[in-house]
Amino acid sequence: MKIKNNKVTWQENSAKNITFIVTKDCQLACKYCYLVGKNEKERMSFDVAKAAIDYILDRENEKNFDTESVIWDFIGGEPFLEIDLIDKVCDYIKQEMYSRNHHWFNSYRFSFSTNGINYDSEKVQKFIKKNKSHLSIAITIDGTKRKHDLNRIWKGDGSGPERGSYDDVVRNIPLWQSQFPGVGTKVTISSADIPYICESVLHLYDLGIHQVNINCVFEKVWKEGDDKLFEEQLMMLADTIIDRDLYIENSCSFFSEDLGKPLDCKLQNHNWCGAGKMLAIDAQGNFYPCTRFAQYSLRDKEAWIIGNIHDGIDNNKLRPFLTLDRCTQSTPECADCEVAEGCAWCQGENYDAAKTHTVFERATAICLMHKARVRANNYYWNKLYRKLELEGTREEFENQKPKSNDIIC
Amino acid sequence: MKKYYQYIVILLDDTSVSYCHADNPLKEKRLIPLEVLREAILFSMKENLMIQFVYPEYELPKEYNDLIETIDHIKIGKDVLVYDSVPTNVERKNVVLRLAIADFLAKQYDIALLLPKVTRLNISITDIENFKDELIEDYRTALEMLNSVLLNIYKGGNSPEINILTDRLRLNEMHNCDAGVENITLAPNGKFYLCPAFYYDEQMGVSTRMNHKTKDASRSVGDLEVGINIPNKQLLELERAPLCRICDAYHCNRCIWLNQKLTWDNNTPSRQQCVMAHIERNASRDLSNKLKDTGFVLENEIKEINYLDPFDVKEEF
């Protein structure tokens, strides 16, 4: 019996992630978007991108850039608003990696997270055809129309009624799935979305998206009682997935066997996210440990700039990120939590929410939601195991246990 | 073991001498109000804190001196003399030399000449950010030379201390500046700061963070009325510093002001601070071995290591 696993991303542990913030503009104004400083002015020029690429490729053997593989990530705002620039930048990257005989030429990806609105445009399609074998594209669709349109609305001037973007995205899903079969989508849950979680995951399965990577926002948005509603939704989803045998073809990152166990502060002390191992570049040519440390991502703190295309990376500014571990940044309650495993954090949100200028203070807004998820997750696996036991397929399942691949930021 | 406040640094004037890494950029006299000084002394007595008064260059009014003499204390700038260059002679046995790294290297032989004249010499490098890897060998050689001078003095029966070479000899655990943990600074405005450098930054409107203007330049952590209130105080402690807690350069200042300035985080030291501290640690090891060979009894064993920056080997711990 085959059971759908949460997929592991390409070269997950051996690739350097380099993110170009090509624009801070987007057609949408999603209500849960953490990008508080979006604007139409800050667009990356080719010269800035080129200087960043030259800087990076010049350092092939340096510790920051000696990974086996590379993911060239393009982010916005909405990256495909800058498809002309992206096309030129990707051409330059390929040309330079080839002419330098750089080891990344044999192991690279161009990666995009898009709202999907321009996906079928001639320019985007031409770009896809040109780079198909090295592309990862994820379209964000949040679930049912009412769930999607609750948050993912068109940018307006505030005078007219809100306009959801579901219809403008869903029409491109078949084309996307035909070009990138098996690729999942990322769903974000905020307080208002909770009642629609179950129907939304099922709807995405119906659309042919078999992998749903879903997570709660890390910001302090949760209301009293949200955790109970959340748990109910997840249990309803668990029942449906199991009763309808949907687990065979589909996966949902809310349910993972590697979740909800205590963690040891010595043996399981690694940091959750890759901030500092990644590199982000903005339109001004500034370098960041992750896009969440650029000013447009931060509500209350100053940008954490670690260098720029002219002066290079100041490695001192990376040291806090590269020495971070789980327990050092956790409260005693988090460090000793009996359901700690799988409780995620975003280093950028930690920094933004911290009392002082530090990445060593873990935000805990997500605590009750995580605990609710753990309860529902336990219910899911207990129910699934019993079903498999009764069907005589449990042993087979145990032998091919899925690995977790939570989407975390 | 958890650490508690042991002493308080009281800046008597805005122009009080700087005795550590940070320069004092404040040029206008602003004497601490007498009433604030009185309250500060009372606070220190009630909290059982040893007082270190930091003096300006000018003479204090008599009523200040009278008040100061009502309590046990140390006078920085008087009992402990601070020099921003290398003097040919010293008027006290306990001396601080504040030097740029280039000056330290250039004046190393003049510094050696001071060693027989002092009981304790504190070297404070004022531009650690300028310590590049190219200077590693120069610094190592300079310490080697000072070691040989020290060894001869020790053989002669005297045992002056120099912070960067002899402190590590007798340490079995971290013994750092511990600003905000074991000590706190009171400025002439009646407010508490982690150390004088944070007060200077506030007064100059300089953020030590992020290289741009801060929305709020305030660096104070309380005042005499409300007491000491350090947000995220736990992050000042050794256990919350992943690099430092695995390190055995026990004498290192572990300066949180420099940490903020160079790495933007309180509890992460810069490469410069780590490398310098390890060159000193290794020089202490050499000195220790030579002293033992000469017949001195030193209980501490300083191990041989193959790195200068624990960051480079952090995965091994």
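A short reminder: the numbers here are calculations on the coordinates, not readings from a lab. Everything numeric in this text was worked out from a predicted model, so none of it was measured. Neighbour counts run over all protein chains shown; Cβ positions are idealised from the backbone, glycine included.
A few notes on this one:
- Taking label points 7 Å from Cα along the Cα-to-Cβ direction, A:K50 and B:S159 give a separation of 6.7 nm.
- Of A:K94/A:K147; B:K3/B:K62; A:K31/A:K63; A:K16/A:K223; A:K301/B:K261; A:K38/A:K147, pairs whose Cα-Cα distance is over 28 Å: A:K94/A:K147; B:K3/B:K62; A:K31/A:K63; A:K16/A:K223
- What the pair-distance distribution of chain A shows, using all Cα-Cα distances binned every 10 Å from zero, is 4, 21, 32, 28, 13, 2, 0 percent.
- With all pairs of different C-alpha atoms in the average, the Kirkwood value for the hydrodynamic radius of the range A:270-409 is 17.5 Å.
- GluC sites (Glu not before Pro), loop per DSSP, at most 16 other Cβ atoms within 10 Å - longest free stretch of chain B: B:92-172
- Model label points for A:E249 and A:R386, set 7 angstrom from Cα along the Cα-to-Cβ axis, are 2.7 nm apart.
- Rounded to the nearest 0.05, the FRET efficiency derived from the C-beta distance between B:I71 and B:R170 at R0 = 30 Å is 0.55.
- At 1.306 mPa s and 10 °C, Stokes diffusion of the range A:31-109 via Kirkwood alpha-carbon radius, µm² per second: 113
- Percentage of interatomic Cα-Cα distances in chain B larger than 29 Å: 39
- Helical contribution to [θ] at 222 nm, DSSP H n ≥ 4, -39,500 (n - 2.57), averaged over chain B, rounded to 500: -9000 deg cm²/dmol
- For the pair B:Q6 and A:K155, a Förster radius of 45 Å applied to the C-beta separation gives a FRET efficiency near 0.20, rounded to the nearest 0.05.
- Rounded Å value of the spacing that divides the Cα centres of the range B:245-317 and the range A:201-254: 51
- Considering only alpha-carbon pairs that sit under 8 angstrom and 6 or more positions apart, the relative contact order computed for chain B is 18 percent.
- Descending Cα extents along the principal axes, the range B:238-293, whole Å: 43, 20, 13
- Separation in nanometres of the label points that stand 7 Å from Cα toward Cβ, at B:F317 and B:K290: 2.9
- Normalised by 2.2 N^0.38 Å, where N counts its residues, the alpha-carbon radius of gyration of the range B:5-125 equals 1.16.
- Efficiency of FRET from Cβ geometry, A:K41 and B:L298, R₀ 60 Å, rounded to 0.05: 0.40
- Charge context of B:A100, other residues only, Cβ under 12 angstrom, K/R +1, D/E -1: -3
- Simple rule: put +1 on each Lys or Arg Cβ and -1 on each Asp or Glu Cβ in the range A:224-359, find the dipole, and look at A:Y247, A:A340, A:Y296; the Cα lying farthest toward the positive end is A:Y296.
- Of the DSSP H helices in chain A, those that are both long (alpha-carbon extent of 27 Å or more along the helix axis) and hydrophobic (Kyte-Doolittle mean at least -1.0) are A:367-391.
- Global size of the protein assembly as shown: 30.0, 94 Å for Rg and Dmax (C-alpha atoms, Rg to one decimal, Dmax whole).
- Taking Cα centre as origin and charging only the Cβ of basic (Lys, Arg, +1) and acidic (Asp, Glu, -1) residues, the dipole magnitude of the range B:1-127 rounds to 480 debye.
- The mean number of Cβ atoms from other chains found within 10 Å of a Cβ in peptide B:229-240 is 3, as a whole number.
- Cβ neighbours within 10 Å from other chains - mean over B:267-274: 4
- Share antiparallel - DSSP beta bridges, the protein assembly as shown, percent rounded to 5: 20
- The magnitude of the dipole of the protein assembly as shown, with charges of +1 and -1 set on the Cβ of Lys/Arg and Asp/Glu and taken from the Cα centre, is near 680 debye.
- Cα gyration tensor of the range A:149-280 - equivalent ellipsoid semi-axes, whole Å, descending: 27, 21, 19
- Average beta-carbon neighbours from other chains, 10 Å sphere, peptide A:318-326: 6
- Qualifying trypsin sites (Lys or Arg not before Pro) in the range B:214-317, DSSP loop, other Cβ atoms within 10 Å at most 10: B:K215, B:K303
- Quotient of Cα Rg and 2.2 N^0.38 Å for the range B:11-66, N being how many residues it contains: 1.19
- Residues whose placed amide H lies under 5 Å from that of A:G116, excluding near-sequence neighbours: A:T140
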